[in-house]
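Every number in this text was worked out from the coordinates using simple rules, so none of it is lab data. If you're wondering where the values come from, they're calculated on a predicted model, not measured in any experiment. Counting neighbours? That spans all protein chains shown, and the Cβs are built from the backbone with ideal geometry, glycine included.
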Amino acid sequence: MLYIVPSPIGNLADISFRAIEVLKQVDLILAEDTRTSSVLLKHYQIQKPVTPHHQHNEHKIVRHLVEQLLSGKTMAVLTDAGTPGISDPAFLLIRECIKNNVKVECLPGATAFVPALVNSGLPMNRFCFEGFLPLKKGRQTLFKKLALEERTIIFYESPMRLVKTLQECIDCFGPDRPCSVSRELTKLFEENVRGSLQEVYDHFKVKGVKGEIVVVIGGLP
């Protein structure tokens with residue numbers, strides 16, 4: 001049995017009772033970063049074996065993990081923040097489990113783009129989620145496609161690239177397209193900046209940017 005367990009995106013209280021129960025019951029916890037997950041596990045007094053499972057080793061260990069699951073072990077996948085598989089490792093292991101008839105169960109829980117979308121004030125009946133945008137190859141092609149997208153657009157960005165990305169969005173979508181940038185969701189210094197792309201760009205251009213970033217842009221009118 002493989003459990004996909006969402007972890008809080010900031011506030012440690014944002015985890016379900018069931019998620020804590022599962023983490024206490026499984027034989028092994030697979031963590032994207034064992035140091036980050038140890039904070040959560042220690043907070044809830046969960047003492048279980050923890051092993052690294054991240055983008056740099058998941059290809060190498062996926063077969064071994066499936067063999068352990070087939071032998072009867074239960075495991076839980078944890079990422080640093082949010083739901084595993086959403087811009088984080090988990091897809092490869094889930095796919096192999098399904099191929100080998102290993103039961104997979106995903107618990108509901110935190111995902112950063114959902115609260116960012118809801119509090120953006122932009123239409124949420126239809127949206128597209130792009131995860132992290134490509135850094136170089138295909139980036140401009142993607143921007144040109146998104147400029148014609150009628151649904152609300154959501155993607156993640158690093159604080160170091162936010163201002164540059166907002167400038168690229170202005171170039172492709174125009175300065176008046178509505179936008180919302182959410183930073184440090186659920187944490188002490190949470191910030192949600194709403195306005196036109198130009199207004200949001202001007203805000204962050206003169207201010208140092210830190211934390212996890214979610215960008216939400218209105219679709220083509």
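So here's what we get for this one:
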item	result
Beta bridges per DSSP with both ends in the stretch 2-106, % antiparallel, nearest 5	5 percent
Inter-label distance, nm, simple model (7 Å from Cα along the C-beta direction), K42/D202	4.5 nm
Student exercise, the chain dipole from Lys, Arg, Asp, Glu Cβ charges, in Debye to nearest 20	380 debye
Residue of V39, V200, V104 that the Gaussian network model of the chain assigns the largest fluctuation, springs spanning Cα pairs under 10 Å	V39
Residue among L107, L166, L135 with the largest mean-square fluctuation in a Gaussian network model of the chain, springs linking Cα atoms under 10 Å	L135
Under Karplus coefficients 6.51, -1.76 and 1.60, residue-wise ³J(HN,Hα) of the stretch 62-74 in Hz, glycine/proline x	4, 5, 4, 5, 5, 4, 5, 5, 5, 7, x, 6, 10
Candidates V118, V26, V206, ranked by Gaussian network fluctuation over the chain, Cα under 10 Å, top entry	V206
Lys, Arg +1 and Asp, Glu -1 on Cβ, resulting dipole of the stretch 60-113 about Cα centre, debye, nearest 20	220 debye
Within-11-Å neighbourhood charge of L78 [Cβ basis; K, R +1; D, E -1]	-3
Residues H43, H54 arranged by fewest to most Cβ contacts within 10 Å	H43, H54
FRET efficiency, D176 to H54 (Cβ-Cβ, R0 45 Å, nearest 0.05)	0.65
Protection proxy ranking, peptides 1-13, 145-157, average beta carbon neighbours within 10 Å, highest first	1-13, 145-157
For the chain, calculated [θ]222 nm from helices alone, where every DSSP H run of n ≥ 4 adds -39500 (n - 2.57)	-10000 deg cm²/dmol
Antiparallel bridge percentage (DSSP; both residues within the chain; nearest 5)	50 percent
Lysine pair number, Cα distance threshold 22 Å (strictly under), the stretch 41-172, separation 8 or more or different chains	14
Over the chain, relative contact order from alpha-carbon pairs under 8 Å, at least 6 apart, %	22 percent
Residue order, fewest to most surrounding Cβ atoms within 10 angstrom, among T79, T165	T165, T79
